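Every read-out reported here was derived from the displayed coordinates using simple, explicitly stated rules and does not represent laboratory data. Note that the coordinates shown come from a computational prediction; the quantities given were computed from them, not determined experimentally. Here the Cβ positions follow ideal geometry from the backbone for every residue, glycine too, while neighbour counts run over all protein chains shown.
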Amino acid sequence: MHARFCPVLALVPLLGTGTGAALAPVPPPKGTWSQRFPEVAGRIKHFDVRMTSPDSRVRMRVLTEVTYFRPRDSRLYPPFLRALLADADPEIRGEAVHRLWEHHHFLKKEELPMSFNVHLHGVFEWQDPKQVARLRAAARLKGAEGGWAIHALGIVGDKDSVPFARALLASDNVFTRFSAAVALVQLGERKDGLAALHKLTDAHDDVSGFYRYRAAECLVRLGERNAIEVLIGQLESGARAGYADGPLEVLEDLTGRYFSTAAEWRKWWKTEGRKR
């Protein structure tokens, strides 16, 4: 049986773009990369050499290797990802912004790089009104283009995009609905965003189960503690059993606990869920 992998993770480029290959990295301000991030260095061979490579494809591959089989590590990854916001390659900056977003590190405007790559839309210079207008126009599209556009507009806090986010909740594309739901939370429409995320935890068109567990993860990170039950249910369903990522890894990251079976998680939650 061939291993299956998450389609969204498959979007992470292994080789980057030809135009980015010549861009030089930004050296860390204090010490070597391995001195600053020793635990990341322990997972990646030749970490310092690769992170100081002038070839952006080499640097991007480090990020891919770090996050592919364990997409979420709320303690270890965010500091490393924040360091990558200063990389010379907008594609690497965009991947760092996106992965911080996955950890619910919603960056303030003063923390955002001036430009970063947005999947399907290229480099986004978010302080340029024309660039914002370009993404708003794309956010009117109901498919993946609209999903990535509203994802970026939520990240930069474009409140004028709220109507587009609301409209995208009716998309046939589950990724787009998910992106719109989180964007609503980011843009100050928390109640509607949470309601949309709750609907996604039972999305029948999400065959792989990816967005059902992602929506539950977001709800927990946003304070909806009972969404742990959804994650346990997704683990029990086995929908992600053949994938590189799934609710088990997220449960571990959210709780700091590890149980290998849904039955063990339910036993733990029966006691833990009563605590407030």
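Observations
- Cβ-based exposure ranking for Y258, Y211, in which fewest neighbours within 10 Å come first: Y258, Y211
- Neighbour counts of other Cβ atoms within 10 Å put E145, E125, E110 in the fewest-to-most order E110, E125, E145.
- Cross-link pairs exceeding 22 Å between alpha carbons, from the set K130/K159; K199/K267; K109/K159: K199/K267.
- Taking the number of Cβ atoms within 10 Å of each Cβ as an exposure proxy, the fewest-first ranking of F69, F210 is F69, F210.
- Comparing H46, H121, H103 in a Gaussian network model of the chain, where Cα atoms under 10 Å apart are tied by springs, the biggest mean-square fluctuation is seen for H46.
- Centroid-to-centroid separation of segment 31-94 and segment 217-272 [C-alpha atoms, Å]: 27
- For segment 43-68, the residues whose amide N sits under 20 Å from a probe point set 7 Å from the Cα of V123 along the beta carbon direction are 53-61.
- Dividing the summed helix terms, -39500 (n - 2.57) for each DSSP H run of n ≥ 4, by the number of residues in the chain produces a 222 nm estimate of -14500 deg cm²/dmol to the nearest 500.
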